[in-house]
Number of protein chains: 2
Amino acid sequence: MQPHHHDHSHTEAHFEQSDTVRDIVIGMSDGLTVPFALAAGLSSAVTNNGIIITAGLAEIIAGSIAMGLGGFLAGKTEIEHYDSEVKREYREIKEFYEVERKECRDIFAEYGLSHESQEKIVDELSKNDDKWVDFMMKFELGLEKPDINRARQSARNIGLAYIVGGIVPLTAYMFTSTPVNGLMFSSIITIACLATLGYFKSKVTGQSPGKGAFQTTVIGVLAAAAAFGIARLFS
Amino acid sequence: MQPHHHDHSHTEAHFEQSDTVRDIVIGMSDGLTVPFALAAGLSSAVTNNGIIITAGLAEIIAGSIAMGLGGFLAGKTEIEHYDSEVKREYREIKEFYEVERKECRDIFAEYGLSHESQEKIVDELSKNDDKWVDFMMKFELGLEKPDINRARQSARNIGLAYIVGGIVPLTAYMFTSTPVNGLMFSSIITIACLATLGYFKSKVTGQSPGKGAFQTTVIGVLAAAAAFGIARLFS
């Protein structure tokens, strides 16, 4: 294997690591954005920091449960869906043997393989039901077996990252005495954190770090500005 | 084609439709959950509905931007990632021709195909660079070309569904005069909506509707209870 060439084991390790990074980035950037924006909005409507902190903490715990538990249950549903599709596929290769063979040939026909090769592949694949079903799940339906442990980890990572991210903008209101000062310091630290997060996220995923920093920050600023405007309008 | 057997065109139509349904369910269930929980939390801490409505609206607009715009930019990043992987794959089939051939054979070796078939498939595939790269993107890396229009639609659907979902629990505070009454009516209508949403979501995805209704409702109730507890603790 030549240097710098990705091999399978390397690719998989890379994916697992980047899954965790992605979860943390998703949770933390939403946590930085939404409680920050909520607090900014309330700053235009109330005169004491206590209510902003209370609302912020309520949002953080609610958002963390919605993202974490919601994500976990969605992952469980995905597993059930996969399992039911596997059962259906086993049934189909029995009941609709010829149709399944044709569907399998069609996959390769799409890539320009000769009819002879198509036949040969299907003949060999269909010798082993398990491998055939595996193959059709992945290459006909595009479904990979979801991992329950992965779903659990992912839910925990996203939920915790949301809490950590959400605490950041609120700290400014804890250490200042008026919403105006709170908003000022909250904006400074949150924008700094969003830019840093966007920067490193893009470094990890191989995108332009400057662009990543910019995008993550813009979402936060837009959300805060919109929340500020709405709250001022309705208060 | 036998009746009741899924064919490709049917499967794809089904996927597109369920993508939209999934987006709306994701946005609406989060919209029902988080603003509902935030309002419930604030009900334990404030004495007038105005501040709850203001906070709720600020949260809705912030959450909608974070989910919608955030989702859209994530989709765009995914497309850039796909495009850069395509370029890399074109480079690799030139520079590491034999390695790529081996990787391609390995895909089929995993499913028990004979060495002879592996060779034959790779010989035919490698005749056309475009088809070969297409094939390796999907079958080696498991990447499908993401659709920018789909990302845009998805962002809009999720963002709007979040707003629609979020307005529901707040209406109760608009038509009552105290937080206690607001919370009572808000809980009734939100739980009814969450259960209905969970029920139909599960019907569409082929899961047990009762279980779906139960799970969606439990997330909302847990989030609201946690927010209520936190807000009471810190106010």
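Mean separation of Cα pairs under 8 Å and 6+ residues apart, divided by the residue count of chain A: what relative contact order is that in percent?
Numbers: 284 pairs, mean separation 93.4, N = 235.
Result for chain A is 40 percent.
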Accessible area in the full protein assembly, largest first, 1.4 Å probe, for B:Lys211, B:Lys87: B:Lys87, B:Lys211
Chain B - Rg and Dmax from Cα coordinates, angstrom: 24.9, 78
The protein assembly as shown - charge dipole about Cα centre, Lys and Arg +1 at Cβ, Asp and Glu -1, debye rounded to 20: 2500 debye
Between A and B, accessible area buried - total, square angstrom, nearest 100, 1.4 angstrom probe: 6600 Å²
P(r) tail fraction, the protein assembly as shown - alpha-carbon pairs more than 32 Å apart, %: 46 percent
Per the axis that maps chain B onto chain A, nearest residue of B (Cβ criterion) and its distance in Å: B:Ala55, 2
Descending semi-axes in Å of the range B:73-209, equivalent ellipsoid built from Cα gyration tensor: 53, 19, 10
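What relative contact order, as a whole-number percentage, does the range A:81-133 give when Cα pairs under 8 Å and 6 or more residues apart are counted?
The normalised contact order for the range A:81-133 reaches 39 percent.
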Among B:Ala62, B:Ser43, B:His115 the positive-end extreme of the charge dipole of the range B:34-148 (Cβ point charges): B:Ser43
Whole-number D in µm²/s for the range A:143-235 (Stokes-Einstein; Kirkwood sum over Cα pairs; 10 °C, 1.306 mPa s): 103 µm²/s
In degrees, nearest ten, helix B:179-205 long axis to first principal axis of chain B (Cα): 20 degrees
Dipole of chain A, positive end: most advanced residue of A:Leu233, A:Val221, A:Val168 [Cβ charges, Cα centre]: A:Leu233
Derived scalar couplings ³J(HN,Hα) [the range B:144-156; Karplus, 6.51 cos²θ - 1.76 cosθ + 1.60; whole Hz; x for Gly, Pro]: 9, 5, x, 10, 5, 5, 4, 4, 5, 4, 4, 4, 5
Size of the range A:45-122 as Cα extents on the principal axes (Å, biggest first): 77, 28, 16
Accessible-area composition of the protein assembly as shown, carbon plus sulfur, in percent [1.4 Å probe]: 61 percent
Relative contact order for the range B:143-194, counting Cα pairs under 8 Å that sit 6 or more residues apart, in percent: 26 percent
Isotropically averaged projected area of the range B:112-193, using the convex hull of Cα atoms (one quarter of hull area), nm²: 10.0 nm²
Surface accessible to a 1.4 Å probe, per residue, for the residues of the protein assembly as shown, Å²: 47 Å²
Calculated [θ] (222 nm, deg cm²/dmol) that DSSP helices of n ≥ 4 give over chain B, each run adding -39,500 (n - 2.57): -30000 deg cm²/dmol
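The values are calculated or read from the model by the stated rules, or taken from the named source; none is laboratory data. None of these values were measured; they are calculated from a predicted model. Using ideal geometry, Cβ is built from the backbone for each residue, glycine included, and neighbour counts are taken over all protein chains shown. To get the accessible areas, we keep the full protein, side chains included, count just its heavy atoms, and leave off ligands, DNA and RNA. Shrake-Rupley method; radii C 1.70, N 1.55, O 1.52, S 1.80 Å.
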